[in-house]
């Protein structure tokens, strides 16, 4: 369930990264990373929805019917087109995260290393599914740390030395202007 919330909020954070970098030399890279990540999120969320809600409903029905036969349907939810969708989605998210790390590194506006944990976390999303529970928890902490470091960079960039919020510009620009 936490993944559903995280993947839902991820595009908003990446929109913030793009917005902060749109007047820089890496604006195109930041925009492409946003678009790839948005598509990746769209392909990833249906699988997590099936896991969170579909498997829960099947488990409840198996308990109600006192039948373990329904539990075998979990493989149907976790395979086929849904599995292909999540793998493609996570691959696009990993590529987008690497692009965010490159944009942060090249922009000169953020600490060079700020995007690395973010890129590592999303780059390791598919392999972590093969790990044990402690590895998966450690991976979740890496993803959280990466997201928080990028968010902290955005927050810090938004404030100047005097502690006041910088004017983002009186005339909006970008794809949503």
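Just so it is clear, none of the values below were taken in a lab; they were calculated from the coordinates. As the structure is a prediction and not an experimental result, all values here were calculated from the model. FYI the Cβ positions are ideal-geometry reconstructions off the backbone, even for glycines, and counts take in every protein chain you see.
Rounded to the nearest 10 degrees, the angle from helix 55-65 to the longest Cα principal axis of the chain is 20 degrees. Dividing the summed helix terms, -39500 (n - 2.57) for each DSSP H run of n ≥ 4, by the number of residues in the chain produces a 222 nm estimate of -23000 deg cm²/dmol to the nearest 500.
Scoring 128-135, 18-25 by mean Cβ neighbours within 10 Å over their residues and listing the highest first yields 18-25, 128-135. The angle separating the long axis of helix 2-21 from the principal Cα axis of greatest extent in the chain is about 20 degrees. According to the calculation over all Cα-Cα pairs in the range 2-158, the P(r) per 10 Å bin from zero is 11, 37, 29, 15, 6, 2, 0 %. By the count of other C-beta atoms within 10 Å, a proxy for reagent exposure, 51, 61 are ordered fewest to most as 61, 51.
The angle between the Cα long axis of helix 133-158 and the longest principal axis of the Cα atoms of the chain comes to about 20 degrees, rounded to the nearest 10. Its Cα gyration tensor gives the range 58-117 an equivalent ellipsoid, and the semi-axes of that ellipsoid, as √(5λ) in whole Å with the largest first, are 44, 13, 6. Remark: spin-label model distance residue 1-residue 35 equals 3.7 nm, labels positioned 7 Å along the Cα→Cβ axis.
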